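To start, the structure under review is shown below, and the notes come after it.
The values are calculated or read from the model by the stated rules, or taken from the named source; none is laboratory data. Bear in mind that the values here come from a model prediction, so they are computed numbers and not experimental data. A quick note on method: Cβ atoms are made from the backbone with ideal geometry, for glycine too, and the neighbour counts reach across all protein chains shown.
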Amino acid sequence: MITHLIHDLKKIKQLHIDQSWDCTQYVPQQGFTLLYVKKGQGKAQMNHTHVFITERDTLLIYGDEAITLFPVETMDILTFSYHSAEVYYANDAWQVDAVKPPDHNMEKIKHPSIAYYQEELYKKWEQQQHDIKDVQSDFHRLVTEVNRERERGESKQAKDVWHAIKSYIDQHYHEMIHFHSLIQSFGMNSATFYKMFKEDTGYTPLQYVTKKRIDQAKELLTSTTLRIADIAEQVGYPDAYYFSRVFKREVGVPPQRFSQICTKKFCVLSSVAAVNLLALGIDQQKKVRHVPATKFPYKKLTWREHLLQLASEIGSRDLGQRWLQQFDQRLALVREKIKSHIGDETILVLRVLHGRIRVFGDQRRKVSDFLYRELKLNPPSIVQGIYYYDIAHNSEELKQLEANHVLLVIDPGLEEQTVTVKKNIRGNIYKVNQQHGISNHYSGQGNHSDK
């Protein structure tokens, strides 16, 4: 059902206020009034709530609660009194419902365009033979802008409050947190908070706290000699047995086993293995002498199989399996969020090299594994079925690389070449610094041997 909003302007008044004044006398029954300050400043008060307003501020007033304006200095104001209604078609007839005012009775709004619309509308209203249709049309535009600004303000306010609550959780995750009381103390709607928290972090608040606690526990297990009971209490679990159960559920192995694995020293000669070790929470050693060596087949295995084989080799396949389960949960959320933004639009990856551009195909390992197979993004037809190929910076082929979105990987020192390349590429371009984004083993620089 499509709903249309209509706004019926009743009257516009210009007033000179030099003493306390009852604002609500200009609010129509079941209606609204915009109070615009042309000059001066003062305080609008309702019960124990007050709002300070000054030049070019707008106060939106509704309801039957008494609101009094106390000028600090003489004020010139404009008032716009109106009704709003929702119009829609249902049950074979047009229906009209009055717009219900929000719970609170006044809102302060400040935006240059809103101030401009009100001043221009008053000028038009003052004309002796003004066109009422033209005035109503301009007023509709004014109220539409007011409502948009209110929505933007409410959204920003909700985000600010949400960030404040999340910051509190980040600092107090090791304590007992009563989420309902916490949300209420910040004055935020519970449903809004839980929705925003899930969308931003991918976790419920309880899952997020558990993750923070377990991540800190892993850090303490690998960097200190504290007893497990002491670590449990330090991260927020007075019961060491319960902590061990939660740790195993989240990590895949008990805390004691995790500590034993992490005390081992591993030296890796492959960037792929190094990344997998870090994923499992284990750091690599730069220099280790006279140690047993293990070879892993590279081309025959997927990255997931590499991870599991490495986990088995260091003594715990369960560690790798649990990591993959958590990765898939996060991946599903990221995939859904990207899908909601770009739908089925295409993604292309290019890398700026000295004298040439590398174009990655959907058969290229790692880049394609993640973008096209894990995230299920769509490659443009021009790179389907290929590994990669190189073209010159000024090649006409650049203009033929049609894609909705382009990830442009930039090596250090090649910023000037990048400017030239960007001029010849179509689509939305996202720059990725090579050292911060796609690492060497993901970028595919080198020969064909690592296809």
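Details
- Sole residue being of a type in the set (Phe, Trp, Tyr), touching a helix residue (DSSP H, G or I) at 6+ places or on another chain (Cβ under 8 Å) and either modelled with pLDDT of 75 or more or within 30 Å of residue 327 (Cβ to Cβ) (or both), chosen from 442, 388, 372: 442
- Entirely in the stretch 44-113, the strands (runs of 3 or more DSSP E) that have 3 or more residues that are within 22 Å of residue 135 (Cα to Cα): 58-62, 75-90
- Helices (runs of 4 or more DSSP H) lying entirely in the stretch 243-314 (those with 1 or more residues that are assigned by TED's automatic domain parsing to the domain that holds residue 326 and at pLDDT below 75): 271-279
- Taking the stretch 212-232 as the range and being assigned to a helix (DSSP H, G or I) and either in contact with a Ser or Thr (Cβ under 9 Å, 6 or more places away or on another chain) or farther than 18 Å from residue 171 by Cβ (or both) as the test, the residues that pass are 218, 221, 222, 223, 228, 229, 230, 231, 232.
- One residue from 188, 196, 176 being surrounded by 13 or more Cβ atoms within 10 Å (Cβ to Cβ) and not in a helix (DSSP H, G or I): 188
- Top-ranked residue in the stretch 1-36 [being assigned to a loop (DSSP other than H, G, I, E, B) and over 37 Å from the mean Cα position of the chain (by Cα); ranked as surrounded by the fewest Cβ atoms within 10 Å (Cβ to Cβ)]: 29
- Pairs where the first residue, in the stretch 408-431, is free of Cβ contacts under 8 Å to residues at least 24 places away in the same chain and the second is in a loop (DSSP other than H, G, I, E, B), C-beta under 8 Å, 6+ apart: 412/434; 412/435
- Scanning the stretch 340-354 for residues that are touching a residue at least 12 places away in the same chain (Cβ under 8 Å) and either among the hydroxyl-bearing types (Ser, Thr, Tyr) or surrounded by 14 or more Cβ atoms within 10 Å (Cβ to Cβ) (or both) yields 342, 345, 346, 347, 348, 349, 350, 351, 352, 353.
- Any hit, the stretch 81-98, residues being surrounded by fewer than 15 Cβ atoms within 10 Å (Cβ to Cβ), in the same structural domain as residue 34 (by TED's automatic domain parsing) and in contact with a Gly (Cβ under 9 Å, 6 or more places away or on another chain): yes
- Only one of the listed residues (365, 322, 358, 335) is surrounded by 14 or more Cβ atoms within 10 Å (Cβ to Cβ), in contact (Cβ under 8 Å) with a residue 40 or more places away in the chain and over 30 Å from residue 281 (Cβ atoms). That residue is 358.
- Boolean, residue 73 is among the acidic types (Asp, Glu) and surrounded by fewer than 14 Cβ atoms within 10 Å (Cβ to Cβ): yes
- So residue 137, is it under 37 Å from the mean Cα position of the chain (by Cα), loosely packed, with under 12 Cβ neighbours inside 10 Å, at pLDDT 90 or above and of a type outside the set (Lys, Arg): yes
- The stretch 70-124, residues that are farther than 20 Å from residue 24 by Cβ and of a type in the set (S, T, N, Q): 74, 91, 95, 113
- The lone exception for residue 330 - which of (1) more than 30 Å from residue 254 (Cα to Cα); (2) loosely packed, with under 15 Cβ neighbours inside 10 Å; (3) of a type in the set (Lys, Arg) it fails: (1)
- Of residues in the stretch 375-389 being in a loop (DSSP other than H, G, I, E, B) and within 14 Å of residue 404 (Cα to Cα), the one farthest from the chain's Cα centre (by Cα): 380
- Cβ-Cβ distances below 9 Å connect the following pairs, each with a first residue in the stretch 305-318 that is free of Cβ contacts under 8 Å to residues at least 12 places away in the same chain, a second residue that is small (Gly, Ala, Ser) and not in a helix (DSSP H, G or I), and a separation of six or more residues or different chains: 317/252.
- Residue 31 meets all of the listed conditions (1) modelled with pLDDT of 90 or more; (2) in contact with a Lys or Arg (Cβ under 9 Å, 6 or more places away or on another chain); (3) closer than 16 Å to residue 142 by Cβ but one, namely (1).
- Output for the stretch 383-400, where each listed residue is farther than 11 Å from residue 347 by Cα and either buried (at least 16 other Cβ atoms within 10 Å of the Cβ) or touching a residue at least 40 places away in the same chain (Cβ under 8 Å) (or both): 387, 388, 391, 393, 398
- Of all residues in the stretch 15-33, those being of a type in the set (A, V, I, L, M) and over 23 Å from residue 83 (Cβ atoms) number 1.
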